[in-house]
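K.L.:
Pasting in a structure now, in structure tokens, and then I'll have a few things to ask.
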Amino acid sequence: GRQRQMGIRDRERTLACPADGTVSQLGPLRGGDLFQAKGHHYSAFELLDGDGALAAEFANGHFATVYLSPKDYHRVHMPFTGTLRETRYVPGDLFSVNEATANGVPNLFARNERLVCIFDTEQGPMAVILVGAMIVAGIETVFSGQVTPLPKQVVTTDYLRTAPITLQKGDELGRFLLGSTVVMLFPEGKAGFADNLKAGSQVQVLGKLGAYAH
């Protein structure tokens, strides 16, 4: 019985991979910086559209970036159960997200069109950020339908004022109309990633991304 209970508890703490694709990068946030490629870094502050209070919730935490290639399944699922706090649509500069660009454009993901989704979980805040690409016609979510293209301005939607939306781990969150990138942020001291995952690892939706600490 005890082993089975442990197994259930362990499963309850696991983080599910949000999409089919390839790990671009994952690891600790060095202060507020995420590693992109070949010496480029970008900050959670920029990624979260310059919201210092929100960035502080993830300071010294962990991040993971998953690139969905054009051949992959384009739906994005919840890494962990959470209640939607807010979304923030950031128009961005709309670069193409391919390897050459990822290596060549500083702050790439902080300059692209993106939808920042902030969830509150039993382990603290979780950010799931859907980053558009130049050829992406739109991003859709299960709670708002198609969210792009919007006017070229930041649009913040507070979901705590309405009936709360809670999505379970593994539930569909949204989809790209073509491949792009999902960036996840977790708070300090909470999340660890599976040992076998590194930049370039192939991942499958709902596979094990990692787990929350005890």
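The values are calculated or read from the model by the stated rules, or taken from the named source; none is laboratory data. Bear in mind that the values here come from a model prediction, so they are computed numbers and not experimental data. Because the Cβ atoms are built from the backbone with ideal geometry, glycine has one as well, and the counts that use them run over all protein chains shown. These area figures cover heavy atoms from the full protein model, side chains too; ligands, DNA and RNA do not enter into them. Shrake-Rupley method; radii C 1.70, N 1.55, O 1.52, S 1.80 Å.
K.L.:
Just to verify a result, which residue in segment 37-64, among those that are part of a helix (DSSP H, G or I), at pLDDT below 85 and open to solvent by 10 Å² or more (accessible area, probe 1.4 Å), is farthest from residue 191 (Cα to Cα)?
P.N.:
For segment 37-64, the residue satisfying everything is 46.
K.L.:
Filter segment 156-166 down to the residues that are in a loop (DSSP other than H, G, I, E, B) and either touching a Ser or Thr at 6+ places or on another chain (Cβ under 9 Å) or within 14 Å of residue 62 (Cα to Cα) (or both) and list them by number.
P.N.:
We begin by selecting, within segment 156-166, every residue in a loop (DSSP other than H, G, I, E, B); these are 159-165.
Hits for segment 156-166 are 159, 160, 164, 165.
K.L.:
So in segment 65-109, with the set limited to residues that are surrounded by 15 or more Cβ atoms within 10 Å (Cβ to Cβ), in contact with a Lys or Arg (Cβ under 8 Å, 6 or more places away or on another chain) and modelled with pLDDT under 70, which one is farthest from residue 156 (Cα to Cα)?
P.N.:
Applying the filter and picking the extreme gives 105.
K.L.:
Could you check segment 115-145 and list, in sequence order, the residues that are modelled with pLDDT under 85 and part of a strand (DSSP E or B)?
P.N.:
Of everything in segment 115-145, those that are modelled with pLDDT under 85 and part of a strand (DSSP E or B) turn out to be 139, 145.
K.L.:
Please verify whether residue 193 is under 15 Å from the mean Cα position of the chain (by Cα), over 25 Å from residue 112 (Cα atoms) and aromatic (Phe, Trp, Tyr), treating the condition exactly as stated.
P.N.:
yes
K.L.:
Would you pick out the residues in segment 167-193 that are closer than 14 Å to residue 213 by Cβ and part of a loop (DSSP other than H, G, I, E, B)?
P.N.:
Passing the criteria: 187, 188, 189, 190.
K.L.:
Can you tell me which residue is farthest from residue 125 (Cα to Cα) among those in segment 201-212 that are assigned to a loop (DSSP other than H, G, I, E, B) and open to solvent by less than 50 Å² (accessible area, probe 1.4 Å)?
P.N.:
201
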